[in-house]
Amino acid sequence: MEYIKTGLKAMLLSGFIAFSPLAAMAGNGVEISHLGVNNTLVRIIDDGKYLLLPVQEANEEARVNILVDGKLEKSLNVRLAKSKVDYTVPLNLEKYRGHDVVLNIVTTQGRSSVREAKEDACWNILAVADTFDTSNRERFRPLYHHTPLYGWMNDPNGMVYKDGVWHLCYQWNPYGSKWQNLSWGQSTSTDLIHWTHQPEAVLEPDGLGMIFSGSAAIDHTGSAGFGNGAVIAMYTSADASQIQSLASSPDGGYTYDVYPGNPVLTLESEARDPNMFWDEKAGHWVLTLAHALDHEMLIFTSPDMKEWTLQSSFGKGLGAQDGVWECPDLFELPVEGTDEKKWVLLCNINPGGPFGGSATQYFTGNFDGKTFTPDSDEDGSVPTKWMDYGKDHYATVSFSDAPGGRRTVMGWMSNWQYAADVPTLQFRSANTLPREAGLFRGDDGRTYMSSTPSPEVEALRDRLFKSSGRKSLGSKAVTIPLPEANDGICEIIAELQAGKQGKAVIELKNRAGDKVMMTYDAGEHTLSFDRRESGIIDFSNDFPAVTVSPTFESDGRISLRIFIDRSSIEVFGNDGRFAMTNLVFPNEPFGSISFSMEQGKGKLNSLRIYSLKAE
């Protein structure tokens, strides 16, 4: 725990609920003037890097206008604490040193008098500090999945590989763990596993609105006018309308300068989440834009990223049509075992996923530089296909300019049904493991998308904790302990044989009675995942669920890679031919895995369990 120096006293910031008695002292580097029942001025009177803002998630949002030398610098929405403090978030003051800084705060909750307004918990906890404690206080924070240090995170954005570094931007609210104040946060990595959190947002809300989702790419030809090899980002500016804006990076993707000619693309209807790439064959930029409420993707082209021409639209009446269409991605992949290539169009949808809420659907087909034409069945229909059959895989898009022709993707590991209610406070949400996208032909002759853990993930393996040769399976469970180190976090690799009509059951259990049950039904060619008794589930009626995936096999045999982290389980089957991602919040780590047959006789052909580390 770090000690934080304020303008008057040194006080211990615990971050959650319990604060040092000294924190109740008013005047910790600030001067507070209550102007009325809903209006308060806070003047910064001491030097310090941060102003620590106390947050109560159940409270209504207050509007915080930050004035620097009398001029409006920025505006925030913060759930300032009224009756209790859940945690604090930092407002960076460093760039304002030597200037007069005043916060004009307008609240919305009703009060009968100024005296009552003065009793709000936030006023006694506001403090100027030199440091902000980001040490983990969450038992459900993942060990090896990317998370923000603090605050709310949703869609991955601006993903680009440049000079050996993976740049992962994401929708970020630095001022609370619920959706608001959307900016682009950023983390960087050289191995897709260990992430360095960049301390400040690379794009912040401006006069055109909040910073919604978008993409980034390297301009190898200098066509946009920012120089050869410049990293360019395109994103949605969202206020009363949604319009598309541009930014360029002067330092290879670490920071961005907003293009002064924004917006570069406007429509008369709601559209968002631009995703662009350079089409080498056609010699122009291609942009896919989600026409969200119309359930279609719009395809534009441009010579310079600034002047865009609408070429076609795709999707009306096709695939899952509920909710809104969001976060597109368009790319080409080889089809495994053939000389053929196909184009893939990712289309994230919310709600309307196969098990409720958000999910990622995709289409395979052909693209001629202007128009995407989907594959169809024998009857001419376009099938609905899902990239992941769990409830917690959304907003999936790929890194541009990945090395070696790779198509590396990551998603948001949550669901809009309950993302703001999961049992964490310091942060909300994680990303999925990085995955390599591919294409394969199913037994039905259709083309499907595969996703396998990126090869870098194997570096997480600490040691081989347990291995087993062939074991016969029947109604009596074969139970094997899981590693205790790092809260039972591990990778499980197993191959099961269930016969043509058998049902094999895999159970994860702990001493608290929590369990996750996976059932492989060889006759139906499915794997189900039941988390209805997985631990803490009462924060949302939509959380207890059973998800089901096709297994894309016909011989009664299945291979699985199962990744267990503190609050998630990701299952990859048959070399990535199917995947299932589900959050879990067990009361204590899972301590064992068991295998049995609900129907018929079977075999556990092989088993390996690796303990995992993130160091």
**Report entry** the stretch 313-339 - residue that is among the aliphatic types (A, V, I, L, M) and closer than 26 Å to Gly445 by Cβ and, of those, surrounded by the most Cβ atoms within 10 Å (Cβ to Cβ)
**Finding:** Leu330
Requested in this report: Mind listing whichever residues of the stretch 561-595 are open to solvent by 20 Å² or more (accessible area, probe 1.4 Å) and in a strand (DSSP E or B)?
Outcome: Arg561, Ser592
Requested in this report: Look at the stretch 330-382 and say how many of its residues are touching a residue at least 60 places away in the same chain (Cβ under 8 Å), of a type in the set (Ser, Thr, Tyr) and under 21 Å from Pro550 (Cα atoms).
Outcome: 2
Query raised in the report: What pairs can you find where one residue is in the stretch 235-261 and without any contact (Cβ under 8 Å) to a residue 24 or more places away in the chain, the other is in a strand (DSSP E or B) and acidic (Asp, Glu), and their Cβ atoms are less than 7 Å apart, with a gap of 6+ or different chains?
Result: Pro250/Asp257
Query raised in the report: What tally of residues in the stretch 546-560 results from selecting those that are at negative phi and assigned to a loop (DSSP other than H, G, I, E, B)?
Result: 4
Query raised in the report: Among the residues of the stretch 104-120, which ones are of a type in the set (A, V, I, L, M, F, W, C) and either over 32 Å from the mean Cα position of the chain (by Cα) or buried (at least 21 other Cβ atoms within 10 Å of the Cβ) (or both)?
Result: Ile105, Val114, Ala117
Query raised in the report: Would you say Asp421 is among the acidic types (Asp, Glu), touching a residue at least 60 places away in the same chain (Cβ under 8 Å) and surrounded by fewer than 21 Cβ atoms within 10 Å (Cβ to Cβ)?
Result: yes
Requested in this report: Determine, yes or no, whether Ala477 is small (Gly, Ala, Ser), under 23 Å from the mean Cα position of the chain (by Cα), surrounded by fewer than 21 Cβ atoms within 10 Å (Cβ to Cβ) and at pLDDT 95 or above.
Outcome: no
Query raised in the report: Is it true that some residue in the stretch 397-406 is closer than 27 Å to Glu491 by Cβ, open to solvent by less than 10 Å² (accessible area, probe 1.4 Å) and basic (Lys, Arg)?
Result: no
**Report entry** Residue that is farthest from the chain's Cα centre (by Cα), among those in the stretch 70-79 that are open to solvent by 10 Å² or more (accessible area, probe 1.4 Å) and within 14 Å of Leu103 (Cβ to Cβ)
**Finding:** Gly70
Report task. Select from the stretch 547-560 the residues that are among the charged types (D, E, K, R) and open to solvent by 30 Å² or more (accessible area, probe 1.4 Å) and write down the one among them that is nearest to Glu436 (Cα to Cα). Result -> Arg557
Query raised in the report: Within the stretch 415-448, how many residues turn out to be under 12 Å from the mean Cα position of the chain (by Cα) and on the phi > 0 side of the Ramachandran plot?
Result: 1
Query raised in the report: Name the residues in the stretch 116-139 that are touching a strand residue (DSSP E or B) at 6+ places or on another chain (Cβ under 9 Å) and free of Cβ contacts under 8 Å to residues at least 40 places away in the same chain, would you?
Result: Thr134
**Report entry** Selection count where residues are of a type outside the set (Phe, Trp, Tyr) and either buried (at least 20 other Cβ atoms within 10 Å of the Cβ) or at pLDDT below 95 (or both), scope the stretch 251-261
**Finding:** 1
Query - Any hit, the stretch 150-157, residues being hydroxyl-bearing (Ser, Thr, Tyr) and either open to solvent by less than 10 Å² (accessible area, probe 1.4 Å) or touching a helix residue (DSSP H, G or I) at 6+ places or on another chain (Cβ under 6 Å) (or both) - result: no
Requested in this report: Select the strands (runs of 3 or more DSSP E) contained entirely in the stretch 19-132, then report the ones holding at least 3 residues which are out of contact with any Leu (no Cβ under 9 Å at 6 or more places or on another chain) and under 19 Å from Tyr175 (Cα atoms).
Outcome: 71-78
Report task. Filter the stretch 280-312 for residues that are under 19 Å from Asp401 (Cβ atoms) and open to solvent by less than 20 Å² (accessible area, probe 1.4 Å) and give the result. Result -> Trp285, Val286, Leu287, Thr288, Ser302, Met305
Report task. For residues that are within 19 Å of the chain's Cα centre (by Cα) and of a type in the set (D, E, K, R), scanning just the stretch 198-248, find the one that is surrounded by the fewest Cβ atoms within 10 Å (Cβ to Cβ). Result -> Glu200
Query raised in the report: For the stretch 143-162, does any single residue satisfy the condition of being of a type in the set (Phe, Trp, Tyr), closer than 17 Å to Ala81 by Cβ and not in a strand (DSSP E or B)?
Result: yes
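Matching residues to (1) open to solvent by less than 20 Å² (accessible area, probe 1.4 Å); (2) acidic (Asp, Glu); (3) under 17 Å from Gln599 (Cα atoms); (4) at pLDDT 95 or above:
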{"site": "Ala494", "(1), (2), (3), (4)": "yes, no, no, yes"}
{"site": "Gly502", "(1), (2), (3), (4)": "yes, no, yes, yes"}
{"site": "Lys509", "(1), (2), (3), (4)": "no, no, no, yes"}
{"site": "Val516", "(1), (2), (3), (4)": "yes, no, no, yes"}
{"site": "Thr526", "(1), (2), (3), (4)": "no, no, yes, yes"}
{"site": "Arg532", "(1), (2), (3), (4)": "no, no, no, yes"}
{"site": "Asp538", "(1), (2), (3), (4)": "no, yes, no, yes"}
{"site": "Asn541", "(1), (2), (3), (4)": "no, no, no, yes"}
Query raised in the report: If you check Ala512 against the conditions, is it touching a residue at least 24 places away in the same chain (Cβ under 8 Å), farther than 25 Å from Gly357 by Cα, hydrophobic (A, V, I, L, M, F, W, C) and part of a loop (DSSP other than H, G, I, E, B)?
Result: yes
Query raised in the report: Can you name every residue in the stretch 262-279 that is assigned to a loop (DSSP other than H, G, I, E, B), over 22 Å from the mean Cα position of the chain (by Cα) and buried (at least 18 other Cβ atoms within 10 Å of the Cβ)?
Result: Asn262, Val264
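The values are calculated or read from the model by the stated rules, or taken from the named source; none is laboratory data. What you see is a predicted model, and the numbers here were worked out from it, not measured in a lab. Cβ: placed from backbone, ideal geometry, glycine included. Neighbour counts: every protein chain shown. Side chains included, ligands, DNA and RNA excluded: accessible areas come from the protein's heavy atoms. Shrake-Rupley method; radii C 1.70, N 1.55, O 1.52, S 1.80 Å.
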